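The values are calculated or read from the model by the stated rules, or taken from the named source; none is laboratory data. Keep in mind the model is a prediction, meaning the values are calculated, not measured. Glycine also receives a Cβ, built like all others from the backbone with ideal geometry; neighbour counts cover every protein chain displayed. Areas reflect the complete protein model, heavy atoms only, side chains present, ligands, DNA and RNA absent. Shrake-Rupley method; radii C 1.70, N 1.55, O 1.52, S 1.80 Å.
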Amino acid sequence: MIRRPPRSTLFPYTTLFRSVVYKIGNKMQDSNADTEWNDALRRHNILPAKEAEVTEEDVVKLVEETIQHKTGADGIKTHFKDMTLDELDEYEDDEEDERVLQAYRAKRIMEMKEARMKSNYGELLEITAEGYVREVNNAGEGVWVILHLYQQGIPLCALINQHLSTLASKFPQTKFLRSISTLCIKNYPDKNLPTIFVYFEGNMKKQFVGPHEFGGTKLTADGLEWMLSKTGAVKTDLECPPKKAVRDALFSSLGTAYGNGNEDSDGSVDENDWD
């Protein structure tokens, strides 16, 4: 009589293993997918732990740390941050520094692209009431908008349009707009012209209404730039207000003659009068 060999004590476990393998092959195609089944398999060490995803912030941080290490701790005298892209191309060093330069060059190109994206304007644009919501209210996060309401045939309006065109080119990160007053605001009175509204992120921050705000046709581009810089809409490189423009604005609005005590001994106006 032939005896049957004893049944293996491992039978239940091998059966379970085959069952798990069968499920892996039939229920999941992607072992990295975020599913409850995959999580259960990882808890039992059947699947390896999921690798952490590398974000763009992680890459930028790694590049910055490497650059800081190479330019600081290693004592390299060349300051990459002061180089132009052409200078970075010309710079030659060992293989490790070359990798750092390539990473830094990529970072600089990304920064330049972001700066160009922010500098989307650069000219004085004409709008009507239909474009007001899009161009002003929905201008976007961090965007300053300067809107000039004007009418044809008013000399000061024409002068301000001319100055705003110059400033739009100088400050391309600020949106400069103009609109015929009655096309933007129905029945807007001519006596209030010129009018300049200043907005930030769709909210009005400052308004200049009427010719007395600008000091007449002697207003200069620098004078207008200084006025707008006080609102925060542009970052001027002027160190003080143009004295001629300030003096004209002050005495034009007061309707008085020069020499009433507000002038300094050299004929200029005290800068404190602007504030």
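Taking the range 198-211 as the range and being touching a helix residue (DSSP H, G or I) at 6+ places or on another chain (Cβ under 8 Å) and touching a residue at least 24 places away in the same chain (Cβ under 8 Å) as the test, the residues that pass are Val198, Tyr199, Gly202, Pro211. Applying the condition of being open to solvent by less than 50 Å² (accessible area, probe 1.4 Å) and of a type in the set (Phe, Trp, Tyr) to the range 173-211 and asking which residue is farthest from Ala129 (Cα to Cα) yields Phe208.
Output the number of residues of the range 121-148 satisfying the condition of being of a type in the set (D, E, K, R) and within 19 Å of Ser165 (Cβ to Cβ). Show your work before the answer.
Restricting attention to the range 121-148, the residues satisfying the condition of being of a type in the set (D, E, K, R) are 123, 126, 130, 134-135, 141.
From what is left, the residues that are within 19 Å of Ser165 (Cβ to Cβ) are 123, 126, 135.
Total satisfying the criteria: 3.
Inspection of the range 159-172 identifies at least one residue that is in contact (Cβ under 8 Å) with a residue 40 or more places away in the chain, among the β-branched types (Val, Ile, Thr) and surrounded by 21 or more Cβ atoms within 10 Å (Cβ to Cβ).
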